[in-house]
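Chemist: The structure follows.
The values are calculated or read from the model by the stated rules, or taken from the named source; none is laboratory data. What you see is a predicted model; the values in this text were computed from it and never measured. Every residue, glycine among them, receives a Cβ derived from its backbone with ideal geometry; neighbour counts consider all protein chains shown.
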Amino acid sequence: MKLSKVAKAVNGTFVGDGEAEIHAMASLLEAREGDVSFLANQKYAAQMKDTKATAVLVHADYEGECPATLIRVEDPNKAFASLAPIFGPKPVVREPGIHATAVIGEGVTLGKNVYIGPYTVIEDGASIGDGTIIDGLVFIAQHVTIGRDCHLYPQVNIRESCVLGDRVILHAGVKIGTDGYGYTVEIGAKGPVITKVPQVGIVEIGNDVEIGSNTCIDRARFGRTRVGDCVKIDNLVQVGHNVQIAPFVGIIAQAGIAGSAKIESGALIWSQAGVSGHLTVHERAQVAPQAGVKEDVPEGEYVAGTPAIPKRKFAEGLLLPRLVDKLKRKVADLEAKVKALEIK
Amino acid sequence: MKLSKVAKAVNGTFVGDGEAEIHAMASLLEAREGDVSFLANQKYAAQMKDTKATAVLVHADYEGECPATLIRVEDPNKAFASLAPIFGPKPVVREPGIHATAVIGEGVTLGKNVYIGPYTVIEDGASIGDGTIIDGLVFIAQHVTIGRDCHLYPQVNIRESCVLGDRVILHAGVKIGTDGYGYTVEIGAKGPVITKVPQVGIVEIGNDVEIGSNTCIDRARFGRTRVGDCVKIDNLVQVGHNVQIAPFVGIIAQAGIAGSAKIESGALIWSQAGVSGHLTVHERAQVAPQAGVKEDVPEGEYVAGTPAIPKRKFAEGLLLPRLVDKLKRKVADLEAKVKALEIK
Amino acid sequence: MKLSKVAKAVNGTFVGDGEAEIHAMASLLEAREGDVSFLANQKYAAQMKDTKATAVLVHADYEGECPATLIRVEDPNKAFASLAPIFGPKPVVREPGIHATAVIGEGVTLGKNVYIGPYTVIEDGASIGDGTIIDGLVFIAQHVTIGRDCHLYPQVNIRESCVLGDRVILHAGVKIGTDGYGYTVEIGAKGPVITKVPQVGIVEIGNDVEIGSNTCIDRARFGRTRVGDCVKIDNLVQVGHNVQIAPFVGIIAQAGIAGSAKIESGALIWSQAGVSGHLTVHERAQVAPQAGVKEDVPEGEYVAGTPAIPKRKFAEGLLLPRLVDKLKRKVADLEAKVKALEIK
């Protein structure tokens, strides 16, 4: 698409080569020739002079330097987003229908306008709500209940009797309802005897939940592992058995929540953090990346480190080397002075 | 099921509304109206007064307060477990048989009473023992050997020539026998030349092993990556090439064992911990959550931190800020005193 | 194969039982009876006296003790590698061809000598280059482009419009092009309103890239998440949206790179490390296992700890407890001396 046409599409004005070809959209840093980019947040203004973009959407009154042709608009953020249908990848459309190769068990309830992809298996007694899209190669076990307008991507597995609400998105490879990790160990005559504790509960997921690729959520030992409404979980996260996640919680990539922990409403667990079993992260608390929570986190607190402590204390700990160095010099100084006094 | 009927099923006595409907079982904390719960461990006694359960199984002589109807039994733990067949999800039964859509290669040996699910692929020369269940969408590559009474859940992949013992459980998405991470780097005239080191070994898994969802176990560079009898591995764990895991080891979620490390019998690697390559974690040692092992861990030792040190030392390290603060005050005090002495 | 025949195959000489049967190859430590092993690196010489191998390949002039029969050769490393075709597992050969059960969409371009395995789905408009192998149970979404001589293992998923170069290896369960984690949060009258930010970019992977099992690479919010030529990524790694990975980067198991971070050429991110969003790890820098990068890492620097600091400083921090202990004793000593002076 010619630059002039892009400018027209966003109701913008420009001075420069309207014939230049625009092929794609990208951020200032990532942009290459033929890309259109944008500057909405002044934080990124320093990137303007080095961008390799061919065109950049800016505020009408922008004044900085930039090698690209500037397209002046009222709201660069909005204007840029409006280009997605033109330059973004073609959106995938799933027309309702059951692929001929899908295996649908006995007593399965399928809502209206459902899409089931190739080689997906839905076992006996499962129920799929209206408008839900289940891509290919998904495995839904017996008696699973899925709400309406959900989207399950390829290679998802949902174990028997688990329950999903409405508008749930499960990305590729998500595993719901795996047996939790639980054993009893007895020391027998011939050495330890390890017995699996039956995991006879389920996973219950609320409405408007999104779960990232290859994340695992274990079924409860009994009762339910629960993921509340509007919870957003990233890729490769581990959620143990009987964990209770309240609505509006965020869990970032590779974090882990051990069995029976409770994450209260509005809490944020950052990437690679861990929460030990049976603990509570209270409302709106945050757990820093890589932190290891070993005791309850109070409401609104931000904790960091392993074991996790309030962020302010953690920051003080980082100053320790400097503090000790200072003390060392003071002690050396004192030693000299005391020696001098002793000689006197 | 009516509460009175539940009480009868567990041989218990109660005072209260026998007509109340019980639908499910749950822990004291997770329970909602219509749930039956239990108190076996006095640690949870404080949860009794706030539980939302409709009924709670307690010891015959329990005396605390509780809004729920108490059902008094001899052994609440056992009684509760006995309710699982009634209130737990319907167990999945796999009748022996090969699904019509399973692709079975040439020279495959199938034992008696084997179940192979839809769209599962078993390549040439593989061997599956008696009574083993392989769910749908599993991929078993050439010349894999699987013992008897195993259960492989959907979307498991086992690469060529790997060997599994008897009664092995692989949860959904487990990947066995992936190439280990190994390259040689040479600096050529045009920059670095990176060459893949062939990974021509296998993975050999013993009897009674259970491996959690999306866990990965790499094949050996040569020889065998070994997982001993009765090893229990949780979800999202990484086991590198040539790792040797002795019997009765436990590895909790998201932990990682780097190439050629050796984990001896009875050791426990807690969640998100890491063990560097070529090291040994000796018998019955434990590695704390998020710890990073950089040298061998002695028999029976419990290590924590990165780099991992004995737990006692790690705990001392946590007291450092307080210790330094105390020292700081002492030094200030000394400075004042020395100054006074100097003036004299 | 008889030991004498093994010796002949590697042009070696031996004194001992040439009739002994050799079944497999293994390292000195892992070897069992019937195995052939080797000693190429003197670092492992101490393992010679305890090896359970039946035969060991050694340098012609090796002099140490060993219970196994020694086979003397010029280059033990090379000789050992040459045995892989004999003792290693049978290599899997994929004859070109499209399995009858593969679902190939409309407008798909397939190169010459392509292999597509059973139950693999390739959606409309995708393009697969010459000589590429796609194993069974793989899902390739619409308009994906894959280069030549690639190998995709089972249960890989590639979302719509993503692009792979030539000679790319994706191990089992890799997920390419998942939506990045992005939401806007507004506080509405009835509580928070969380809106998904559309993720309309793609993932673009260069040539000669290898990616380990169950690793996830998110598509860009817009533009491209980029993985450069010759990048080698291990298992269970998370790469966030819009991350830019330059050529020749290595990322070890379970590490995570947050959104829009930039990893420059030759950098190495070790296992379980994390890099926060929007940061740059500069050329040839290294991030230690479990380190947490919170600010840019300079060229060639090696950082460790959370937050990550130069390795030398991190090592100094580890000496702090000893330093504080020494200071404590000095202060006690000073206190005594000052008291003595005051009394005088």
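Chemist: Please go through (1) more than 9 Å from chain C (Cβ to nearest Cβ); (2) assigned to a loop (DSSP other than H, G, I, E, B) for A:Phe314 and return the number of the only condition it doesn't satisfy.
Modeler: Tallying (1) more than 9 Å from chain C (Cβ to nearest Cβ); (2) assigned to a loop (DSSP other than H, G, I, E, B), A:Phe314 fails exactly one: (2).
Chemist: Looking at (1) surrounded by 19 or more Cβ atoms within 10 Å (Cβ to Cβ); (2) more than 7 Å from chain A (Cβ to nearest Cβ); (3) assigned to a loop (DSSP other than H, G, I, E, B), which is the only condition C:Asp149 fails?
Modeler: (1)
Chemist: Among the residues of segment B:109-122, which ones are within 14 Å of chain C (Cβ to nearest Cβ) and part of a loop (DSSP other than H, G, I, E, B)?
Modeler: Listed by number, the residues that qualify are B:Gly117, B:Pro118, B:Tyr119, B:Thr120.
Chemist: Filtering segment B:128-142 down to residues that are within 14 Å of chain C (Cβ to nearest Cβ) and at negative phi, which residue is surrounded by the most Cβ atoms within 10 Å (Cβ to Cβ)?
Modeler: Start the filter on segment B:128-142 by keeping residues that are within 14 Å of chain C (Cβ to nearest Cβ), which leaves B:134-142.
After this cut, where a residue has to be at negative phi as well, the list is B:134-136, B:138-142.
Working: B:Ile134: 28, B:Asp135: 27, B:Gly136: 25, B:Val138: 27, B:Phe139: 28, B:Ile140: 30, B:Ala141: 27, B:Gln142: 21.
The qualifying residue surrounded by the most Cβ atoms within 10 Å (Cβ to Cβ) is B:Ile140.
Chemist: Taking segment A:180-203, which residues are more than 29 Å from B:Ala246 (Cα to Cα), part of a loop (DSSP other than H, G, I, E, B) and touching a residue at least 40 places away in the same chain (Cβ under 8 Å)? Can you show your working first?
Modeler: Of segment A:180-203, the ones more than 29 Å from B:Ala246 (Cα to Cα) are A:200-203.
Filter again for part of a loop (DSSP other than H, G, I, E, B), leaving A:200-201.
Within segment A:180-203, just A:Gly201 meets the criteria.
Chemist: Related question: Among the listed residues B:Leu341, B:Leu334, B:Leu323, identify the single one that is closer than 18 Å to C:Gly317 by Cα, at the interface with chain C (Cβ under 10 Å from one of its Cβ atoms) and not charged (D, E, K, R).
Modeler: Details: B:Leu341 fails: closer than 18 Å to C:Gly317 by Cα; B:Leu334 fails: closer than 18 Å to C:Gly317 by Cα.
Exactly one residue qualifies, and that residue is B:Leu323.
Chemist: Test A:Val293 against the stated conditions and say whether it is within 23 Å of B:Ala308 (Cβ to Cβ), away from chain C (no Cβ under 14 Å) and crowded, with 20+ Cβ neighbours inside 10 Å. Write out each step before concluding.
Modeler: Numbers: within 23 Å of B:Ala308 (Cβ to Cβ): yes; away from chain C (no Cβ under 14 Å): yes; crowded, with 20+ Cβ neighbours inside 10 Å: yes.
Spelling it out, A:Val293 is indeed within 23 Å of B:Ala308 (Cβ to Cβ), away from chain C (no Cβ under 14 Å) and crowded, with 20+ Cβ neighbours inside 10 Å.
Chemist: Would you check which residues across segment C:9-44 are charged (D, E, K, R) and either assigned to a loop (DSSP other than H, G, I, E, B) or surrounded by 15 or more Cβ atoms within 10 Å (Cβ to Cβ) (or both) and list them? Talk me through it step by step, then tell me what you get.
Modeler: Quick first cut of segment C:9-44, residues charged (D, E, K, R) only: C:17, C:19, C:21, C:30, C:32-33, C:35, C:43.
Those that are charged (D, E, K, R) and either assigned to a loop (DSSP other than H, G, I, E, B) or surrounded by 15 or more Cβ atoms within 10 Å (Cβ to Cβ) (or both): C:Asp17, C:Glu19, C:Glu30, C:Arg32, C:Glu33, C:Asp35.
Chemist: Please enumerate the residues belonging to segment A:21-74 that are more than 13 Å from chain C (Cβ to nearest Cβ), in contact (Cβ under 8 Å) with a residue 12 or more places away in the chain and within 29 Å of the chain's Cα centre (by Cα).
Modeler: A:Leu39, A:Ala45
Chemist: Also, I was wondering about something else. Within segment B:231-248, can you find the residues that are surrounded by fewer than 24 Cβ atoms within 10 Å (Cβ to Cβ) and either in contact with a helix residue (DSSP H, G or I) (Cβ under 7 Å, 6 or more places away or on another chain) or not in a strand (DSSP E or B) (or both)?
Modeler: B:Ala246, B:Pro247, B:Phe248
Chemist: Can you spot a residue in segment B:125-133 that is free of Cβ contacts under 8 Å to residues at least 60 places away in the same chain and within 24 Å of the chain's Cα centre (by Cα)? Break it down into steps so the answer makes sense when it comes.
Modeler: To start, the set of residues in segment B:125-133 that are free of Cβ contacts under 8 Å to residues at least 60 places away in the same chain comprises B:125-133.
Then drop every residue that is not within 24 Å of the chain's Cα centre (by Cα), which leaves B:132-133.
Scanning segment B:125-133 turns up at least one residue that is free of Cβ contacts under 8 Å to residues at least 60 places away in the same chain and within 24 Å of the chain's Cα centre (by Cα).
Chemist: Mind listing whichever residues of segment C:51-68 are in a strand (DSSP E or B) and buried (at least 21 other Cβ atoms within 10 Å of the Cβ)? Don't jump to the end; show me each part of the working.
Modeler: Going residue by residue through segment C:51-68, those that are in a strand (DSSP E or B) are C:55-59.
Matches in segment C:51-68: C:Ala55, C:Val56, C:Leu57, C:Val58.
Chemist: Which of (1) in a loop (DSSP other than H, G, I, E, B); (2) at pLDDT below 95; (3) within 10 Å of chain C (Cβ to nearest Cβ) is the odd one out, the single condition A:Pro85 does not satisfy?
Modeler: Only one criterion in (1) in a loop (DSSP other than H, G, I, E, B); (2) at pLDDT below 95; (3) within 10 Å of chain C (Cβ to nearest Cβ) is unmet by A:Pro85, namely (1).
Chemist: Determine whether C:Val209 is modelled with pLDDT of 95 or more and under 25 Å from the mean Cα position of the chain (by Cα). I'd like the intermediate steps shown before the answer.
Modeler: Working: modelled with pLDDT of 95 or more: yes; under 25 Å from the mean Cα position of the chain (by Cα): yes.
When the stated conditions are applied, C:Val209 passes them.
Chemist: Which residues, counting only those in segment A:160-179, are assigned to a loop (DSSP other than H, G, I, E, B) and either under 22 Å from the mean Cα position of the chain (by Cα) or of a type in the set (Val, Ile, Thr) (or both)?
Modeler: A:Cys162, A:Gly165, A:Asp166, A:Arg167, A:Val168, A:His171, A:Ala172, A:Gly173, A:Val174
Chemist: Quick check on C:Leu39: is it in contact with a Pro (Cβ under 7 Å, 6 or more places away or on another chain) and under 17 Å from C:Asp17 (Cβ atoms)?
Modeler: Working: in contact with a Pro (Cβ under 7 Å, 6 or more places away or on another chain): yes; under 17 Å from C:Asp17 (Cβ atoms): no.
No, not satisfied.
Chemist: Does segment B:118-164 hold any residues that are hydrophobic (A, V, I, L, M, F, W, C) and within 17 Å of B:Glu210 (Cβ to Cβ), and which are they? Spell out the reasoning first.
Modeler: Within segment B:118-164, the first condition is being hydrophobic (A, V, I, L, M, F, W, C), and the residues that meet it are B:121-122, B:126, B:128, B:133-134, B:137-141, B:144, B:146, B:150, B:152, B:156, B:158, B:162-164.
Hits for segment B:118-164 are B:Ile133, B:Ile134, B:Val138, B:Ile146, B:Cys150, B:Leu152, B:Val156, B:Ile158, B:Cys162, B:Val163, B:Leu164.
Chemist: Would you mind finding the one in C:Gly223, C:Gly228, C:Gly266, C:Gly250 that is more than 9 Å from every other protein chain (Cβ to nearest Cβ) and touching a residue at least 12 places away in the same chain (Cβ under 8 Å)? Spell out the reasoning first.
Modeler: Details: C:Gly223 fails: more than 9 Å from every other protein chain (Cβ to nearest Cβ); C:Gly266 fails: more than 9 Å from every other protein chain (Cβ to nearest Cβ); C:Gly250 fails: more than 9 Å from every other protein chain (Cβ to nearest Cβ).
Just one listed residue meets the conditions, C:Gly228.
Chemist: Here's a check for you: in segment B:161-203, which residue that is surrounded by fewer than 19 Cβ atoms within 10 Å (Cβ to Cβ) and of a type in the set (Asp, Glu) is nearest to the other protein chains (Cβ to nearest Cβ)?
Modeler: This residue is B:Glu186.
Chemist: Hey, among A:Pro289, A:Pro298, which residue is out of contact with any strand residue (DSSP E or B) (no Cβ under 6 Å at 6 or more places or on another chain) and assigned by TED's automatic domain parsing to the domain that holds A:Val239? Can you show your working first?
Modeler: Values: A:Pro289 fails: out of contact with any strand residue (DSSP E or B) (no Cβ under 6 Å at 6 or more places or on another chain).
None of the other options fit; the residue is A:Pro298.
Chemist: How many residues, within segment B:267-297, are at pLDDT 95 or above and assigned to a loop (DSSP other than H, G, I, E, B)? Reasoning before the result, please.
Modeler: Within segment B:267-297, the first condition is being at pLDDT 95 or above, and the residues that meet it are B:267-277, B:279-297.
With the extra rule that they be assigned to a loop (DSSP other than H, G, I, E, B), the set shrinks to B:267, B:270-273, B:276-277, B:279, B:282-285, B:288-291, B:294-296.
So the answer is 19.
Chemist: Just to check your reading of the model, which residue among B:Val121, B:Val92, B:Val114 is at pLDDT below 95 and not assigned by TED's automatic domain parsing to the domain that holds B:Gly12?
Modeler: Details: B:Val121 fails: at pLDDT below 95; B:Val114 fails: at pLDDT below 95.
Every option except B:Val92 fails the conditions.
Chemist: With the condition kept exactly as written, say whether any residue in segment A:204-219 is assigned to a loop (DSSP other than H, G, I, E, B) and over 21 Å from A:Gly250 (Cα atoms). Break it down into steps so the answer makes sense when it comes.
Modeler: Step one: list which residues in segment A:204-219 are assigned to a loop (DSSP other than H, G, I, E, B), which gives A:206-209, A:212-215, A:219.
This time we only want the ones that are over 21 Å from A:Gly250 (Cα atoms), so: none.
Looking for residues that are assigned to a loop (DSSP other than H, G, I, E, B) and over 21 Å from A:Gly250 (Cα atoms), one finds none in segment A:204-219, hence no.
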